[in-house]
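Everything below concerns the one structure shown next.
Here, each number is a calculation from the coordinates, and none is a lab measurement. This one's a predicted model, so the numbers in the text were calculated from it and none came from an experiment. Every residue, glycine among them, receives a Cβ derived from its backbone with ideal geometry; neighbour counts consider all protein chains shown.
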């Protein structure tokens with residue numbers, strides 16, 4: 001991976017077999033987190049994106065993104081790894097949250113890129129990176145239903161609406177949860193680095 005991450009700081013350089021096992025373990029971690037829903041206002045929050053942030057911060061940009069791609073491939077093959085409210089199989093990509101699924105790859109990559117460059121150190125720095133990465137997730141998340149879905153011939157009530165519709169239904173209800181998950185990710189990652197430094 002080239003630059004130090006939690007993974008390389010803990011285990012050193014990884015061989016192909018170990019990287020493969022780590023990718024599968026990371027995809028399983030994301031899948032399990034996607035099944036956990038926490039009651040919150042204004043909407044319940046799943047831990048899927050928190051798990052993706054943690055994988056990105058720990059694995060780095062390339063391995064983190066690869067892990068999410070494997071996770072998405074599992075879901076698109078019909079395995080029950082997505083959140084319970086996400087459509088199963090290939091239908092997930094053409095559903096209203098299809099853009100967010102693609103954005104998950106960028107979420108992991110951005111977190112990993114920042115970690116490799118030591119921008120994600122300390123609670124505040126890591127939380128800011130997590131917030132930026134989470135904000136980037138909304139670009140494909142909104143672009144797909146707002147314009148690309150209609151261009152692709154998808155005929156649904158959520159496709160081709162105005163910006164206000166997507167702010168109300170696709171963005172605003174999730175901002176509080178994303179902020180909380182960014183702080184949680186920062187606390188977990190900073191705690192992991194602190195534990196490593198005490199062992200050194």
Roughly what angle does helix 61-76 make with the longest principal axis of the chain, taking Cα atoms, 0 to 90 degrees, to the nearest 10? 40
Mind pulling the angle between the C-alpha long axis of helix 48-59 and the longest principal axis of the chain? Nearest 10 degrees, somewhere in 0 to 90. 30
Measure nothing but the geometry: give the 0 to 90° angle between the long axis through the Cα atoms of 175-199 and the longest principal axis through the Cα atoms of the chain, rounded to 10°. 10
How large are Rg and Dmax for the chain when only the alpha carbon atoms are used, in Å? 16.9, 57
State the Cα centre-to-centre distance between region 29-87 and region 95-122 in whole Å. 12
So how do 19, 181 line up by other beta-carbon neighbours within 10 Å, fewest first? 19, 181
Exposure proxy check: 4, 116 ranked by fewest other beta carbons within 10 Å? 4, 116
For a footprinting-style exposure proxy, rank 41, 158, 109 by other Cβ within 10 Å, fewest first. 41, 158, 109
Give me the extension gain from residue 77 to residue 11: residue separation times 0.36 nm, minus the current Cα-Cα distance, reported in nm with one decimal. 20.6 nm
Taking the C-alpha atoms of region 1-62, convex hull volume expressed per residue in Å³: 85
